[in-house]
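Please read the structure below before turning to the comments.
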Amino acid sequence: MASPDALQLLKSSIAASKPPILTKSPDPATAEENKTDSFVEATHLYFTYPSPLCLPLDIKTRFTSQNPDTTAVDLRSIFFAWLQKDVTVPEYIALAGELDKQLPEGQKVRNLIFVERLDLITWLEGASDESEYIKPLEGVAAGQGDLANRAADVAGGSAVPTVGGSGVGVTQTVGGRPVKVIDARLQAIYNGERRISDHNSVLRGVKPTDFSHVRKHAETFLGRRKGVSSSTRPGQVSKSAQLATRPATGPSKPMASAVSSKRSDPIILLSPSASSLLRMSNVKTFLDTGLYVPPDHPTLSTQTTANLLHITRTLHSLGEKPYRFILVDSPEQFKPDYWSRVVAVFTTGQVWQFRGYKWREPQELFGHVLGVYVGEKGLPTPPEVKGWGSSVKTFAVERWDERAHGANVDQETRVARRWRDRETVEEVWRSIEGHMRGRGEWKR
């Protein structure tokens with residue numbers, strides 16, 4: 001019995017909405033009990049469609065990659081690329097690199113270039129029946145001429161094998177269950193067809209997208225221009241507004257931002273540098289109460305090892321409902337979508353801070369998020385910060401005087417003497433609020 005084709009099995013399973021799962025067992029009978037989500041622990045891929053089957057992850061497929069040379073790609077790399085089909089190219093490369101650090105030598109994931117990964121995903125999801133990177137099955141392309149001769153043979157009915165001599169589909173049994181087999185002559189005709197795209201597939205791509213939320217935004221601007229309809233009575237919602245807010249119906253899935261009422265928490269990234277005036281030990285006191293204390297003060301700073309803090313703040317230009325800000329000093333635990341929620345990055349001017357960021361170059365980073373530099377009054381701003389442009393706002397706090405502001409002074413006196421801290425904090429919040437308002441994602 002010929003060994004099953006891993007690529008065709010994966011494509012059929014995806015088409016039947018029964019994708020395979022990772023498992024640590026080579027036996028289909030125990031594969032379900034030993035399933036895992038880790039590529040490091042898994043040794044096989046368990047298929048449930050059309051019949052239970054386990055294939056080793058290191059088995060070679062018909063897909064060939066040009067990186068670094070023309071060689072067959074293993075099943076582990078193919079399945080990993082399909083699971084990461086929705087992430088961007090930098091994220092895919094980063095995830096593959098992290099996985100390679102944990103995998104032993106000889107089991108590394110093959111990093112597919114953008115064109116190869118796009119071609120593979122398109123073929124697996126059934127949007128295309130041909131791929132220049134997938135070798136044909138043995139015996140399929142042998143003895144065939146060029147495409148024109150092949151099409152002529154198919155149209156004339158010659159050189160096309162039939163099943164059972166009658167040319168009709170027959171039914172076989174696999175594992176006691178009936179499986180329909182496509183007639184070979186009909187399959188050859190299908191192979192000679194060309195897929196014609198319609199305007200929906202050209203404009204929308206492979207995945208249909210719901211644009212109902214655009215109507216809602218357009219109605220806001222068009223309503224201001226046209227004014228309230230004379231036929232609309234006070235207290236009554238206009239028909240156009242009802243249509244704009246009505247959920248779209250159809251096969252496509254609505255976007256999460258159009259239907260979800262849950263608001264994501266904005267994220268503020270701090271500098272992990274020991275020279276930073278604001279760290280996890282004193283940033284909450286500064287941004288929440290408007291009082292600056294040294295981050296390493298033995299009694300006034302918060303002695304904590306937490307790497308995540310929360311601050312609640314009302315931004316009146318964005319609504320009366322308070323926002324809950326998340327403060328972290330490292331993006332190690334970030335998911336890909338977390339970067340869209342980052343609204344500010346506190347920096348000291350040291351470029352090494354951005355090593356693990358999505359945007360590592362300062363000019364690119366501060367083109368997406370607001371930069372905040374807080375220094376001491378009387379000290380010059382680092383030239384690196386000045387060179388990063390107007391997207392980095394600079395602020396200054398008064399120097400700390402232990403005799404005037406220290407632990408021997410009561411809280412009321414300390415707040416009165418450092419009243420300028422409150423002004424600085426309000427300026428910082430106004431900059432963050434203005435940046436969020438300008439992005440348009442954090443709306444009323």
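The values are calculated or read from the model by the stated rules, or taken from the named source; none is laboratory data. Bear in mind that the values here come from a model prediction, so they are computed numbers and not experimental data. Here Cβ is always computed from backbone atoms with ideal geometry, including for glycine, and neighbour counts include all displayed protein chains. Heavy atoms of the whole protein, side chains included, go into the accessibility calculation; ligands, DNA and RNA do not. Shrake-Rupley method; radii C 1.70, N 1.55, O 1.52, S 1.80 Å.
Computed quantities for the displayed model
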quantity	calculated
Tabulated pairs, the range 30-44, first in the same structural domain as PRO56 (by the TED database) and under 17 Å from ASP74 (Cα atoms), second among the aromatic types (Phe, Trp, Tyr) and open to solvent by less than 60 Å² (accessible area, probe 1.4 Å), C-beta under 9 angstrom, 6+ apart or interchain	PHE39/PHE79; PHE39/PHE80
Residue match in the range 65-72 (condition: closer than 16 Å to GLY106 by Cα, assigned to a strand (DSSP E or B) and at pLDDT below 90)	yes
Subset of the range 337-356 that is within 18 Å of the chain's Cα centre (by Cα) and open to solvent by 10 Å² or more (accessible area, probe 1.4 Å) - its residue that is farthest from VAL392 (Cα to Cα)	ASP337
Output for the range 87-136, where each listed residue is more than 27 Å from ALA16 (Cβ to Cβ), surrounded by 12 or more Cβ atoms within 10 Å (Cβ to Cβ) and touching a residue at least 60 places away in the same chain (Cβ under 8 Å)	THR88, PRO90, GLU91, LEU99, LEU103
Condition met for ARG403 (in contact (Cβ under 8 Å) with a residue 24 or more places away in the chain and among the charged types (D, E, K, R))	no
Filtered residue count, the range 306-320, keeping only those that are in contact (Cβ under 8 Å) with a residue 24 or more places away in the chain and either outside the structural domain of LEU287 (by the TED database) or assigned to a loop (DSSP other than H, G, I, E, B) (or both)	4
Matching residues, the range 316-353, being touching a helix residue (DSSP H, G or I) at 6+ places or on another chain (Cβ under 6 Å) and under 25 Å from GLN84 (Cβ atoms)	PRO336
Filter result (under 15 Å from PHE354 (Cα atoms) and not aliphatic (A, V, I, L, M)) within the range 334-343	PHE334, TRP339
Residues (under 11 Å from ILE267 (Cα atoms) and of a type outside the set (Val, Ile, Thr)) located in the range 310-329	HIS310, TYR323, ARG324, PHE325, LEU327, ASP329
Neighbours by Cβ (under 7 Å, 6+ apart or cross-chain): first from the range 415-426, more than 13 Å from ASP288 (Cβ to Cβ); second surrounded by 14 or more Cβ atoms within 10 Å (Cβ to Cβ) and among the acidic types (Asp, Glu)	ARG418/GLU398; ARG420/GLU398
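Yes/no per residue for (1) closer than 24 Å to TRP442 by Cα; (2) outside any strand (DSSP E or B):
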| residue | (1), (2) |
| --- | --- |
| LEU287 | yes, yes |
| HIS297 | no, yes |
| THR304 | no, yes |
| PHE325 | yes, no |
| TRP339 | yes, yes |
